[in-house]
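Heads up: the structure comes next, in structure tokens.
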Amino acid sequence: MPKPVILALDDEPAVLSAVERDLRRRYGKDYQLMRAASGEEALRTVDQLKLRDTPLALFLVDQRMPNMSGVEFLERALKVYPDAKRTLLTAYADTEAAIKAINEVKLDYYLIKPWDPPDQNLYPVLDDLLDDWQAQFRPSFEGPKVIGTRWSPLSHQIKDFLARNQVPYHWVDMEIDADADTLLARLGADPAQLPIVLFPDGTFLVKPDNSQVAEKIGRKLHASLPFYDLIIVGAGPAGLAAAVYGASEGLKTLLVEREAPGGQAGTSSRIENYLGFPSGLSGGDLARRAVAQVSRFGAEILTPQEVASMRVEDPYRILKLVDGSELSCHALMIATGVSYRKLDVPGVEALTGAGVYYGAAQSEAMSYKGEDVYIIGGANSAGQAAMYFSKWARSVTMLVRGDSLSKGMSQYLVDQISATENIKVLLNSSVASVQGDDRLRSLTIANSATGAKEAVPAGALFIFIGAQPRTDWVADVLRRDDMGFLLAGPDLLEDGKPPKSWTLKRAPYWLEASVPGVFVAGDVRHHSVKRMASAVGEGSMAVQFIHQYLSTL
């Protein structure tokens, strides 16, 4: 947190220099000393400090100044920093104005110039005022502010990006927060151009994309080197595990992630069946720990960055990124996981981000306090989300296409859901359509067993359906199954032999794709076990095969 500010204001240069000198000698270690030669200049400084969320402890202001008196300045400045202590510098003839100011601006003290010696006439007064201010001071939030409206899809996108990248932020809702209009006016921003992201240094971005936000918060978008021993595409559990083992064993390792480290697992509100964490942990906690571990061993992480295509120029595997740059490596591992399938029913596309969300969208959870929330899906991710949202929502209704929750969900979650009073499970149920104007208002539920349809009011709809692999960018290079999952190891064999495109005498290693030196781990692999522990295991195991491959080059 920046040091609190003491702001001195006087239009006489000699007096201002003397004030600053005496203040710095006593308070320079613990406070930031700032000066202004006019009321207008001081007000601009006050506004800039407020935009940067810098605390302001004390105003030390001359009363007799042209254009704006000290009291007039305090009247305006205290609207921005109402808790700052206020002291007026006066000549003997101005004491009446100073006394009047005690009532007008709740003046804390007035000092008659000159104040020599400061040890007797200045410091005791200011010491008491600053001690009093420190006793009441509560540090403000340090981090980005997102200014927008609740039902804006772009506002949701920015909040979700920051949350998934472990960046605390403060949400300023234009429709609720009393200070929102004042903040926009201070920025000189157009309310029609929301959302705006305001950063601690006072700069801001208007309607930014994820890459612009990432650059401002210090995320790395460009690689340090043109070539790596190992490049991993996807920073879910499999990719993070591979990066830890690859980097710790001496490989120059680069991790490329299109959204946020942690992947789909990173959005889980509570994972309770992962070995070594008897009380469970959130996906965000897991991602944070893993990123720290990856960084400790020296691997690089690019996020958000996306791979557009891949080609082979032996002995190199070359990746082209969406920004047009290229990276090459000896070994490539693909761990891009899966994404939720789109719900193809009327109304969903128009309301996505405005009440309809894919995945847990934990950044929105507290917004639905006391409302009715619906969740589509019957696997663990949907169950974890139901438990999480039940802490805030009035009711959570799970819509499950099958006739049993136990068929696709771990029993511990089934038991928890059954024991939670405000969670209801509707089996044989799906969403036929959603309705709303600028936000979701209602949805129509269809029952496949009875054929009945029912329209119900809804605050939010969270979708957890199916698993869609992200493999289109390698469709022309690697072999896939009919669903787009990548084939690797024994799944490549045809009548016990590698495919005709295979160029080596040996058979593919376990987890090796249809191009030598390209490996696959986690949910993107054909017939993988859709559990976090298995993804971590595959990512770790793949590095051993990568070493074997590299030893043959």
Failed item, numbered, when Lys342 is tested on (1) out of contact with any Pro (no Cβ under 9 Å at 6 or more places or on another chain); (2) under 30 Å from Ala432 (Cβ atoms); (3) open to solvent by less than 40 Å² (accessible area, probe 1.4 Å):
(3)
Working only within segment 36-55, note down all residues that are open to solvent by less than 50 Å² (accessible area, probe 1.4 Å), closer than 28 Å to Val146 by Cα and either assigned to a helix (DSSP H, G or I) or in contact (Cβ under 8 Å) with a residue 60 or more places away in the chain (or both).
Ala42, Leu43, Thr45, Val46, Leu49, Leu51, Asp53, Pro55
I need a count of the residues in segment 481-506 that are open to solvent by 50 Å² or more (accessible area, probe 1.4 Å) and either in contact with a helix residue (DSSP H, G or I) (Cβ under 9 Å, 6 or more places away or on another chain) or assigned to a loop (DSSP other than H, G, I, E, B) (or both).
11
Tell me, please, whether a residue that is within 16 Å of Ile6 (Cβ to Cβ), open to solvent by less than 60 Å² (accessible area, probe 1.4 Å) and assigned to a helix (DSSP H, G or I) can be found in segment 81-89.
no
Quick one: Ser152 ticks every box in (1) within 17 Å of Leu74 (Cβ to Cβ); (2) under 45 Å from the mean Cα position of the chain (by Cα); (3) among the hydroxyl-bearing types (Ser, Thr, Tyr) bar one, so which box is it?
(1)
Residue among Val125, Val105, Val146 that alone is in contact with a helix residue (DSSP H, G or I) (Cβ under 8 Å, 6 or more places away or on another chain) and under 24 Å from Leu16 (Cβ atoms):
Val105
For segment 514-553, name all the residues that are within 29 Å of the chain's Cα centre (by Cα), more than 23 Å from Val312 (Cβ to Cβ) and either in a helix (DSSP H, G or I) or at pLDDT 95 or above (or both).
Asp523, Met532, Ala533, Ser534, Ala535, Val536, Gly537, Ser540
For segment 17-35, state whether one or more residues are outside any helix (DSSP H, G or I), more than 36 Å from the chain's Cα centre (by Cα) and over 21 Å from Asp131 (Cβ atoms).
yes
If you check Val105 against the conditions, is it surrounded by 12 or more Cβ atoms within 10 Å (Cβ to Cβ), within 21 Å of Ala77 (Cβ to Cβ), of a type outside the set (Ser, Thr, Tyr) and touching a Phe, Trp or Tyr at 6+ places or on another chain (Cβ under 6 Å)?
no
Candidates Leu162, Leu111 - the one that is open to solvent by less than 30 Å² (accessible area, probe 1.4 Å) and more than 30 Å from Ala287 (Cα to Cα)
Leu111
What are the pairs with Cβ atoms under 6 angstrom where one residue, in segment 125-139, is over 22 Å from Trp115 (Cβ atoms) and the other, located anywhere, is open to solvent by 90 Å² or more (accessible area, probe 1.4 Å)? Sequence gap at least six, or different chains.
Pro139/Met1
Please indicate, with yes or no, whether at least one residue in segment 397-412 is over 30 Å from the mean Cα position of the chain (by Cα), over 27 Å from Thr450 (Cβ atoms) and either open to solvent by 60 Å² or more (accessible area, probe 1.4 Å) or among the basic types (Lys, Arg) (or both).
yes
Being outside any strand (DSSP E or B), touching a residue at least 60 places away in the same chain (Cβ under 8 Å) and under 21 Å from the mean Cα position of the chain (by Cα) is the filter here; which residues of segment 301-318 pass it?
Thr303, Pro304, Gln305
Test of understanding: among Ser211, Ser224, which residue is closer than 30 Å to Tyr245 by Cα, of a type in the set (S, T, N, Q) and over 20 Å from the mean Cα position of the chain (by Cα)?
Ser224
Residue, surrounded by the fewest Cβ atoms within 10 Å (Cβ to Cβ), within segment 165-187, restricted to residues that are assigned to a helix (DSSP H, G or I) and among the hydrophobic types (A, V, I, L, M, F, W, C):
Ala185
For a quick check of your reading of the model, give me the residue pairs whose first member lies in segment 466-480 and is crowded, with 18+ Cβ neighbours inside 10 Å, whose second is of a type in the set (Phe, Trp, Tyr), with beta-carbon atoms closer than 7 Å and at least 6 apart or on different chains.
Pro469/Phe485
Yes/no for Leu129 being under 25 Å from Asp201 (Cα atoms), among the aliphatic types (A, V, I, L, M) and open to solvent by less than 30 Å² (accessible area, probe 1.4 Å):
no
Mind counting the residues in segment 123-143 that are touching a Lys or Arg at 6+ places or on another chain (Cβ under 8 Å) and not in a helix (DSSP H, G or I)?
0
Pick from segment 431-448 the residues that are among the small types (Gly, Ala, Ser) and within 31 Å of the chain's Cα centre (by Cα): which of them is nearest to Ala460 (Cα to Cα)?
Ser442
Is there a residue in segment 454-470 that is of a type outside the set (Val, Ile, Thr), on the phi > 0 side of the Ramachandran plot and modelled with pLDDT of 95 or more?
no
Of everything in segment 301-318, what is hydroxyl-bearing (Ser, Thr, Tyr) and crowded, with 21+ Cβ neighbours inside 10 Å? Give them in sequence order.
Thr303
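The values are calculated or read from the model by the stated rules, or taken from the named source; none is laboratory data. Keep in mind that what you see is a predicted model, and the values were worked out from it rather than measured. We place every Cβ from the backbone using ideal geometry, glycine too, and count neighbours over all the protein chains shown. The accessibility values were calculated without ligands, DNA or RNA, using every heavy atom of the protein model including side chains. Shrake-Rupley method; radii C 1.70, N 1.55, O 1.52, S 1.80 Å.
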